[in-house]
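What follows is a short report on a single structure.
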């Protein structure tokens, strides 16, 4: 693909080279980039694959700089609300180990050496600091119910002495324990009844539950209940196949609502939110199996926060990553994939700049008259989720870069994220 010198010069004027993804390294363009992000209320750090080592390292590096130099104290991620509270207990109080709590997050995407190292660094930063100076760790997703049910059981035993019948079984088995039984309809119906009874009780008995504990304890437990309700709804939507548009829309709406809840509950001035590019984009997502587009987490955050929401895509040129796909023996499992140099895409344009690692600032570039036509064009970008098939058209998506993101961090050549305890 041929690029004009004028286009490359214009893009280069709004790009910032970084020398390394090493989270422990200072210098190069890191400070300038984080100075740009430091005054933003919601920073979205994306990823075009869930299995790229350099993406994990770059985000670790950015969060570390924002924490150490700019006072960031609230971190959130595309992971279960209940499971993330166990990570929070580790990073704030040292309960368990980094490997254990990351394993307990359930999502294979975070079970990597790089993410474990990030969680261990959060613990070291928090060690010996007063609670209000520690970084808190939150999950905004809801696809599992057990960890939240555990919390709600403990809260009700402390506050009232009589938890909801069956809630302890949900806590023990987890939602997907029900779904995996013989009669999915019956077992999902049972899970729905349990969470609905719990939900109703938290509203009806609010005053008594608050009197027995305190307002903040009730609010936290109530959010765990909401997470359980969302998890059951998502499981119901996927019982007969891939989630439909309504289910995906509910999931992203719930993630946005939880992000706003975290900001309100913590009283934080800012939060960094780690998720896939597809969730963080202001544009609707359009999965291949659906006829209609889905409003994203990013579109809701844009509605809620306007210019105070700043999504950054993480993209790559070529190299390897991990995802669920067909293995050598014909079964499906987690394995490495690789792609060649990009063509006809945002990544191809960034590759042509010649930097190994670079940040392109869309906000400043939009005001450049030389780039008006470039922004008017639709741009293809990698959009590789948890699953990957090499010839699937769904590995790419098209964005309006005039609004979808405020910048892109580019890595020219990547390597597979290394599974933890491999």
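Kindly work out what percent of the DSSP beta bridges joining two residues of the chain are antiparallel, to the nearest 5.
Antiparallel: roughly 50 percent of the beta bridges in the chain.
7 Å from Cα along Cα→Cβ at both residue 8 and residue 38: what's the point-to-point distance in nm?
So the two model labels end up 3.4 nm from each other.
Using a Förster distance of 41 angstrom, determine the FRET efficiency expected from the C-beta separation of residue 327 and residue 189, and round it to 0.05.
0.70
Given the rule -39500 (n - 2.57) for each run of at least 4 DSSP H residues, summed and divided by the residues of the chain, what is its mean residue ellipticity at 222 nm, to the nearest 500 deg cm²/dmol? All intermediate terms of the calculation are to be shown ahead of the outcome.
Working: 18 runs with 197 residues, N = 422.
One gets -14000 deg cm²/dmol as the mean residue ellipticity at 222 nm.
Using a/c under 1.5 as the rounded threshold, could you call segment 56-200 rounded, prolate or oblate? The axes a ≥ b ≥ c are square roots of the C-alpha gyration tensor eigenvalues, and prolate needs a/b larger than b/c, oblate otherwise. Please report the intermediate quantities before stating the final value.
Working: a/c = 2.78, a/b = 1.82, b/c = 1.53.
Cα axes put segment 56-200 in the prolate bin.
Using mean Cβ contacts within 10 Å as the protection proxy, how do 67-73, 144-150 order, highest first? Before the final figure, lay out the partial values.
Numbers: 67-73: 15.9, 144-150: 26.7.
Per-residue Cβ counts within 10 Å, averaged per peptide and sorted highest first, yield 144-150, 67-73.
Sort the following peptides by mean Cβ neighbour count (other Cβ atoms within 10 Å, averaged over residues), highest first: 229-239, 130-140.
On the way: 229-239: 20.0, 130-140: 18.2.
The densest-packed peptide leads the list: 229-239, 130-140.
Highest first, please rank the peptides 410-420, 311-321 by the mean number of other Cβ atoms sitting within 10 Å of their residues. Walk me through the numbers before you get to the answer.
Values: 410-420: 19.5, 311-321: 23.8.
The packing order, highest mean first, is 311-321, 410-420.
How many angstrom lie between the Cα centre of segment 61-131 and the Cα centre of segment 341-365?
Computed from Cα coordinates, the inter-centre distance equals 30 Å.
Identify which of 55, 75, 125 has the largest mean-square fluctuation in a Gaussian network model of the chain, with springs joining Cα atoms closer than 10 Å.
So, out of 55, 75, 125, the one fluctuating most is 125.
Quick one: if the Förster radius is 30 Å, what FRET efficiency do residue 413 and residue 113 give, using the C-beta to C-beta distance and rounding to 0.05? Before the final figure, lay out the partial values.
Working: r = 19 Å, r/R0 = 0.63.
Taking R0 as 30 Å, the efficiency between residue 413 and residue 113 is 0.95.
Report the Rg/Rh value for segment 146-241, based on alpha-carbon coordinates and the Kirkwood definition of Rh.
Numbers: Rg = 13.4 Å, Rh = 13.4 Å.
For segment 146-241, the value is 1.00.
Rounded, prolate or oblate: which fits segment 197-289 when a ≥ b ≥ c are the square roots of the eigenvalues of the alpha-carbon gyration tensor, with rounded for a/c under 1.5 and prolate only if a/b beats b/c? It would help to have the intermediate numbers written out before the result.
Values: a/c = 3.95, a/b = 1.48, b/c = 2.67.
Taking the square roots of the gyration eigenvalues as a ≥ b ≥ c, segment 197-289 is oblate.
Provide the three semi-axes, in whole Å and in decreasing order, of the ellipsoid equivalent to the chain as defined by the square roots of 5 times the Cα gyration tensor eigenvalues. Please report the intermediate quantities before stating the final value.
Working: eigenvalues 273, 119, 81 Å².
Computed over the chain, the values are 37, 24, 20 Å.
Just check segment 317-381 against the gyration tensor rule for me: Cα atoms, a ≥ b ≥ c as the square roots of the eigenvalues, rounded for a/c under 1.5, and otherwise prolate or oblate depending on whether a/b exceeds b/c. Let's see the in-between values first.
On the way: a/c = 3.34, a/b = 2.72, b/c = 1.23.
Note, shape of segment 317-381 comes out prolate.
Extending each Cα 7 Å along its Cβ direction at residue 204 and residue 403, get the distance between those two points in nm, one decimal.
Using points 7 Å along Cα→Cβ, the separation is 4.5 nm.
Multiplying the sequence separation of residue 340 and residue 291 by 0.36 nm and subtracting their Cα-Cα distance, what value in nm do you get?
Values: separation 49, 0.36 × 49 = 17.64 nm, distance 2.99 nm.
Length gained between residue 340 and residue 291: 14.7 nm.
Bear in mind these aren't lab numbers, they're just calculated from the coordinates by the rules spelled out. Not measured: the values here are computed from a predicted model. Note that each Cβ is placed from the backbone with ideal geometry, even for glycine, and that neighbours are counted across all protein chains shown.
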